[in-house]
Amino acid sequence: MDEDGLPIVGSGIDLTKVPAIQQKRTVAFLNQFVVHTVQFLNRFSTVCEEKLLALSLRIQQIETTLNILDAKLSSIPGLEDVKFEVSSSNVNSITNGAVAQAATDQQTAVSPQSGVSN
């Protein structure tokens, strides 16, 4: 026997004499579980939708900025023959969004100057 006085191997209770668990109580527990699970999933999906919406908005802003930048660069005469190469090590090493934005701004500032000097 353990410290509570219960046998280790089995309870030794005749289960035919034990009353059944109340069905109303079981149904109440099951309903509570389902309600809490559904509330959690609803909150989770709402948060995911909000984050996806914010990300979609940010992507649209970046696309708009890139289109404006492309239009500005295409309006400069003499840049048709300029080639711009980005090494893959630079792209892989930049992980922070602010650093990526600063690097993009720096590269765009450098590329027209190098094109004009050529």
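Just so it is clear, none of the values below were taken in a lab; they were calculated from the coordinates. Please read all numbers here as calculations on a predicted model, not as lab measurements. Note that each Cβ is placed from the backbone with ideal geometry, even for glycine, and that neighbours are counted across all protein chains shown.
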Could you name the lysines whose alpha carbon sits less than 17 Å from that of Lys83, not counting residues in the same chain fewer than 8 places away?
Lys72
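Which whole-number value in Å³ per residue fits the convex hull of the alpha carbons of the stretch 21-77? Don't skip to the end; give the middle numbers.
On the way: hull volume 2.3 nm³, N = 57.
Output value, Cα hull per residue: 40 Å³.
Please find the FRET efficiency linking Ile59 to Phe84, where r is the Cβ-Cβ separation and R0 is fixed at 22 Å, and quote it to the nearest 0.05. Can you show the working numbers first?
Details: r = 22 Å, r/R0 = 1.01.
Here the calculated transfer efficiency is 0.50.
Suppose every K and R has +1 on its Cβ and every D and E has -1 on its Cβ; what is the size of the dipole of the stretch 21-77 about the Cα centre, in Debye to the nearest 20?
Working: 6 positive and 4 negative charges, 87 e Å.
The dipole of the stretch 21-77 has a size of about 420 debye.
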